[in-house]
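Before any comments, here is the structure.
The values are calculated or read from the model by the stated rules, or taken from the named source; none is laboratory data. None of these values were measured; they are calculated from a predicted model. Heads up, the Cβs are rebuilt from the backbone with ideal geometry, glycines too, and the neighbour counts pull from every protein chain shown.
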Amino acid sequence: MTENLFYFLASLTLLCALMVVISKNPVHSVLFLIITFFSISGHYILLNAQFLAAVNIIVYAGAIMVLFLFVIMFLNQSKGSMPEMKTSTLSKIAGTIAGGMLFVVMIAALKDASVAGLDADSYNSQIGMVENLGLILFRDYLLPFELASVLFLVAMVGAVMLGKKETGEQHF
Amino acid sequence: MESVDLIYKGIYILAIFGITLLIATYSTYFERKIAAFIQDRVGPNRAGPLGLLQPLADAGKLFFKEDFIPAKSSKALFIIGPGIAMLVATMSSAVIPFGDKLIIGGHELFLQAIEVNIGVLYVFGVVSLGVYGLMIGGWASNNKFSLLGAIRAASQNISYELAMGLSLIAVLMLSGSLSLREIAEQQHGFNWNIWYQPLGFIIFLVCAFAETNRTPFDLPESEAELIGGYHTEYGSMKLGMYLFAEYINIFVASAVMATLYFGAYNFPFMEDLRSAISDPILANNVVTLVGVAVMFAKIFFFIFFFMWVRWTLPRFRYDQLMKLGWQILIPLAILNIMLTGGGILLKEYLF
């Protein structure tokens, strides 16, 4: 049951992720990206990490993708404004070769890799629950956690600085 | 899970779904009746006794109207938009505890569809998805005014989500749990969160008004001074679904407010009632059923409050709305978090 669910979710994730790249319309791409985030949240739930699943949906699907959609909807108002992309044959061939090379490298790297098996005796299935996650974050990894929050603060201040009106600047 | 439990859960989810739809349907009727009362009119009184069949007549009218899809619209998304709005609206009542447990034949039946230990986050996540219904609908209409209306609605929703989340944090600091059932249990008797979180509740209430697009925050559909908004191109039942989703959201927002701040199914003197009945199982069931009634009474009060405000206050201007959200509510919510933290530390220090 769980295994079937995993294969279903995994194929859905991959399919939607592919559609993000393939879609001609950028708004459709964004919508497929949102579905991708949802199916990734489904994977988190399968791994018994409910908190991560909920936060993934709130932060990515609920906040970041809305802003993406915002910008892209404004960009894509009329069909004529976006010039048709013309890719030359040369760049197509170059892209195919580069992609193929990457694929070969990945196969070479993953060929001998072994997946660390699950040790059923020592594995704590409750590790993804919010209480345990909070304990680990605020006890064992407190410094990185706080440093990350400083990083976010700096990013926020920077965004406000960039968006601020200069004195004498006119909007509309 | 046993099959009995599964069947029970299935029935319970269907019942909650039905009750949600029923309450949303009759909210439209009571909205018009209350508006009529406040404006000294009669209100709907033709369809059925006291006009009680009016919602059915409205629904029938909407279903039989021409289902119009604009020629240059993105058809699939145009149809999906109202669907998403409805789906998201009906999803969020799943984690709300409408009552404590009933004991029937040795089975403990909890009156809650799913118990997850992240209930509050689930509600918050689902609420944050509500924006997509509006945005997709507005964009797919291929109409500048719809798009602008969608942007207007979405920016309002995501602005007020922030203050809402921050005011929730103070409640979570008090309760120490993300599970709605546990938060409800902690407010046993008359020990409601509103006594500890008056400021947080006011912030949450204002944000709930903004999230459900109700007056004084109903700019997404302020057709009088701006333009219809994201549903300008919609008609027939698709428009009906958007409006219906709004009423479901009001119900859910009322239920969440009752659960978080007004003690959910708890009521004063519930222990006295429990000890007054000698048989413990019967006592438990009676207390639970009274609790469910109390819960719905609280929900109905909040729904009434939503309507009362709608017919009392005029709506904000858009810059006032943004200023209120970003410059007043968010700092207030942060202040509330700090006050709550200080209060908790002070209590630990003194006692």
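Within segment B:156-164, can one find any residue that is in a helix (DSSP H, G or I) and closer than 17 Å to B:THR259 by Cα? There is at least one residue in segment B:156-164 that is in a helix (DSSP H, G or I) and closer than 17 Å to B:THR259 by Cα. Taking the condition over 30 Å from B:ILE344 (Cβ atoms) and either crowded, with 20+ Cβ neighbours inside 10 Å or within 14 Å of chain A (Cβ to nearest Cβ) (or both), does B:THR232 pass? Yes, satisfied.
Would you be able to say whether some residue in segment B:138-146 is touching a residue at least 40 places away in the same chain (Cβ under 8 Å), assigned to a helix (DSSP H, G or I), under 17 Å from B:LEU321 (Cβ atoms) and at the interface with another protein chain (Cβ under 10 Å from one of its Cβ atoms)? Give the steps one after another, and end with the answer.
Initial filter on segment B:138-146 (touching a residue at least 40 places away in the same chain (Cβ under 8 Å)): B:138-143, B:145-146.
From what's left, assigned to a helix (DSSP H, G or I): B:138-140, B:145-146.
Of the ones still in play, those that are also under 17 Å from B:LEU321 (Cβ atoms) are none.
Within segment B:138-146, not a single residue is touching a residue at least 40 places away in the same chain (Cβ under 8 Å), assigned to a helix (DSSP H, G or I), under 17 Å from B:LEU321 (Cβ atoms) and at the interface with another protein chain (Cβ under 10 Å from one of its Cβ atoms).
Take segment A:39-62 and flag every residue that is facing chain B (nearest Cβ under 10 Å) and surrounded by fewer than 19 Cβ atoms within 10 Å (Cβ to Cβ). Once the filter is applied, which keeps residues that are facing chain B (nearest Cβ under 10 Å) and surrounded by fewer than 19 Cβ atoms within 10 Å (Cβ to Cβ), segment A:39-62 yields A:ILE45, A:VAL59.
Of the residues making up segment B:209-222, not a single one is more than 18 Å from B:PHE306 (Cβ to Cβ), more than 14 Å from chain A (Cβ to nearest Cβ) and in contact (Cβ under 8 Å) with a residue 24 or more places away in the chain. Could you figure out which of (1) part of a loop (DSSP other than H, G, I, E, B); (2) exposed (fewer than 15 other Cβ atoms within 10 Å of the Cβ); (3) touching a Lys or Arg at 6+ places or on another chain (Cβ under 8 Å); (4) away from every other protein chain (no Cβ under 14 Å) isn't true of B:ALA113? For B:ALA113, the failing item is (2).
Suppose the filter is more than 10 Å from chain A (Cβ to nearest Cβ) and in a helix (DSSP H, G or I); does B:LEU199 pass it? So B:LEU199 fits the description; yes. When we screen B:VAL95, B:VAL88 for residues that are of a type in the set (A, V, I, L, M, F, W, C), buried (at least 23 other Cβ atoms within 10 Å of the Cβ), farther than 22 Å from A:PHE74 by Cβ and within 14 Å of another protein chain (Cβ to nearest Cβ), the only hit is B:VAL95. Checking B:GLY189, B:GLY235, B:GLY200 one by one, the residue that is at pLDDT below 90 and touching a helix residue (DSSP H, G or I) at 6+ places or on another chain (Cβ under 7 Å) is B:GLY189 and no other. Picking from residues in segment A:120-172 that are β-branched (Val, Ile, Thr) and within 14 Å of chain B (Cβ to nearest Cβ), the one that is farthest from the chain's Cα centre (by Cα) is A:VAL160.
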